[in-house]
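For reference, the structure discussed in these notes is given below.
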Amino acid sequence: MKLTDDLLKKFNEQITLEFESSMAYRQLAIEADAQDLVGMASWLRHQADEEIVHANKFIDHVLDRGNHAEIGAIGAPMVERGLTPLAIFEASLENEVKVSNAIRDLYRETEAAGDLDSRPLLNWFVDEQIEEESTVNEIIGRVRLIGNDGAGLLRLDAELGSRSVGTTEAD
Ligand code: FEO
């Protein structure tokens, strides 16, 4: 079943937000790389790729339902220069919370419109956001524990750098 015009607009906004989220992670990766935290930079770039996967999932859903997906204007990432490693991951969490709220809003809109077809996709995203926030929260906790211990920071950096490479395809 086709999306209503209102829902299509919301789905297109979510697609745009996922691409913005990807760009935010790319910028945060640059901030980490600028401090020679190459493992963290790599982790953040993988996260940026995962946001493209998210955008592609929404795009596929819109197209599969006979609508036309459209990417909107991508805003520049609001990332300050010289963030500490802790601030980098706090900014990541802030980004994820923003995306989670947008997913919940989208879910409410689809439910209000009785759009059952989008439920499986949005359920997947609700679960995904719980996992993403939890992962970033865990990293924040560990960076806090490390404090000013340079060796500890380098160990975490190496661990985050070992994240396996994924694909940007939706499936
Ligand atoms: Fe697409 Fe990390 O939310």
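Of everything in segment 45-72 that's assigned to a helix (DSSP H, G or I) and among the small types (Gly, Ala, Ser), which residue is nearest to residue 5 (Cα to Cα)? Restricting to residues being assigned to a helix (DSSP H, G or I) and among the small types (Gly, Ala, Ser), the top hit is 55.
Only one of 75, 82 is on the phi < 0 side of the Ramachandran plot, assigned to a loop (DSSP other than H, G, I, E, B) and of a type outside the set (Asp, Glu); which? Break it down stepwise before answering.
Details: 82 fails: on the phi < 0 side of the Ramachandran plot.
Criteria check complete, one pass: 75.
If you check 109, 128, 132, 90 for being at pLDDT 95 or above, touching a Lys or Arg at 6+ places or on another chain (Cβ under 7 Å), surrounded by 13 or more Cβ atoms within 10 Å (Cβ to Cβ) and not aromatic (Phe, Trp, Tyr), only one passes: 109. Within segment 86-102, is there a residue that is closer than 21 Å to residue 137 by Cβ, out of contact with any Phe, Trp or Tyr (no Cβ under 8 Å at 6 or more places or on another chain) and among the polar types (S, T, N, Q)? Yes: segment 86-102 contains one or more residues that are closer than 21 Å to residue 137 by Cβ, out of contact with any Phe, Trp or Tyr (no Cβ under 8 Å at 6 or more places or on another chain) and among the polar types (S, T, N, Q).
Among the residues of segment 113-166, how many are assigned to a loop (DSSP other than H, G, I, E, B) and either of a type in the set (Lys, Arg) or on the phi > 0 side of the Ramachandran plot (or both)? If you could, list the steps in order and put the result at the bottom.
Restricting attention to segment 113-166, the residues satisfying the condition of being assigned to a loop (DSSP other than H, G, I, E, B) are 113-115, 147-149, 162-166.
Checking which are either of a type in the set (Lys, Arg) or on the phi > 0 side of the Ramachandran plot (or both) leaves us with 114, 147, 163.
Residues that pass the stated criteria total 3.
The values are calculated or read from the model by the stated rules, or taken from the named source; none is laboratory data. Quick caveat: nothing in here was measured; it's all calculated off a predicted structure. FYI the Cβ positions are ideal-geometry reconstructions off the backbone, even for glycines, and counts take in every protein chain you see.
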